Amino acid sequence: MEKALSWEIDDISKRNNWIYSDKFSSGGCEWYAEVDPKGSCCSDHLSLFLCVGNPNPLRPGWKRRAIFSFVLLNQSGQVLFRSSEQRKYSMFCAEVPSWGFEKALPLTKLGLLEKDKLTVEVYIKVLEVVHQGKSTENDIIDFDGFQISASQVFPVANILYQDPHYVVDFKPENQWVQTKYMYLLGLVETLSKPPQSLSATELSNAQRDLTALKESGFKLDWLNSKLEEVSLEWKKAAHSSYESGIYQLEERVENVELSLSDVIVELDKVKTKSAAGAQVSSFQFIDFLIKRFFLSCFSFSKS
């Protein structure tokens, strides 16, 4: 990897908002770095991210595959943090235009910096550049050992970083942790679907998995609220569908009643003709009524 950026930040401990580097080029692509000195999701660590520069004008299906690393140093050049290369590469795309480290440097170390200055170095090796292609939302991405679609990266990241079980030294190869997180990711995927597309079985399974995870020690009150919200929307959609079905059935009954009414009118006409001397056999009469009524019903059901 080549050193693509060396960026010195003054008064780092006094900063409260996101800090952005100037844009720079590496591997024929434009990038910039961003730092949250107060931690984007965890208030006890500084957060670091590498972002694609100005992604909005890029063509649909664009993506960049790259290996990157961050190094944080004090003014004397002492390394305070060096990001691990646990991913072979990261895929940047429309759904995931940035990658980084939520928990990079403990904030307690910022107070020990000489002259309150922090140097951020970024090393990058670009492996692939695609300017235009098919949608990347379903591309499979490795996220800390989990194989998930690009469209799920940010929801999953929010889950993992809010969970107290997820720490800086998280090891997805731990079988217990991996199994529990796979249940958690499946639960999130279910609750991300439109409520009306879910079945009663899926909601029941979601409640079962959520209960099991909570019993395992996961703090998931926020996800419990999401499940309650989805369940309520599902019930509303089911009730609306039920009422619609009742209305259609009532409409069918009304049409059948109208058809029967027409048959009765025809019957009266036949009786009148018969009384006037028309020769109509009982079999012809019954055959006429049956055909007339069922043709009316069939015609309605087809419509």
Among the residues of region 22-33, count how many are within 17 Å of Leu73 (Cα to Cα) and either more than 30 Å from the chain's Cα centre (by Cα) or open to solvent by 30 Å² or more (accessible area, probe 1.4 Å) (or both). 0
For the subset of region 182-199 comprising residues that are in contact with a Phe, Trp or Tyr (Cβ under 8 Å, 6 or more places away or on another chain) and part of a helix (DSSP H, G or I), which member is least open to solvent (accessible area, probe 1.4 Å)? Leu184
I'd like to check something: does region 48-55 contain any residue that is closer than 14 Å to Trp31 by Cβ, in a loop (DSSP other than H, G, I, E, B) and either open to solvent by 60 Å² or more (accessible area, probe 1.4 Å) or in contact with a Phe, Trp or Tyr (Cβ under 7 Å, 6 or more places away or on another chain) (or both)? yes
Please find, among Lys171, Lys236, the residue that is at pLDDT below 70 and either under 30 Å from Leu105 (Cα atoms) or more than 14 Å from the chain's Cα centre (by Cα) (or both). Lys171
Note on region 136-155: residues at pLDDT below 75, of a type in the set (Asp, Glu) and not in a strand (DSSP E or B) are Asp144
So if I check each of Ser231, Ser204, Ser197, Ser216, which one is modelled with pLDDT of 75 or more and within 25 Å of Val153 (Cβ to Cβ)? Ser197
Could you tell me which numbered condition Lys14 fails, if it satisfies all but one of (1) among the charged types (D, E, K, R); (2) in contact with a helix residue (DSSP H, G or I) (Cβ under 8 Å, 6 or more places away or on another chain); (3) open to solvent by less than 80 Å² (accessible area, probe 1.4 Å)? (3)
For the list (1) at pLDDT 90 or above; (2) surrounded by 13 or more Cβ atoms within 10 Å (Cβ to Cβ), I need the number of the one condition that Pro37 fails. (1)
Answer yes or no as to whether Leu80 is within 29 Å of Ile9 (Cα to Cα), out of contact with any Phe, Trp or Tyr (no Cβ under 7 Å at 6 or more places or on another chain) and part of a helix (DSSP H, G or I). no
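The values are calculated or read from the model by the stated rules, or taken from the named source; none is laboratory data. As the structure is a prediction and not an experimental result, all values here were calculated from the model. FYI the Cβ positions are ideal-geometry reconstructions off the backbone, even for glycines, and counts take in every protein chain you see. For accessibility, only protein heavy atoms count, side chains too; no ligands or nucleic acids. Shrake-Rupley method; radii C 1.70, N 1.55, O 1.52, S 1.80 Å.
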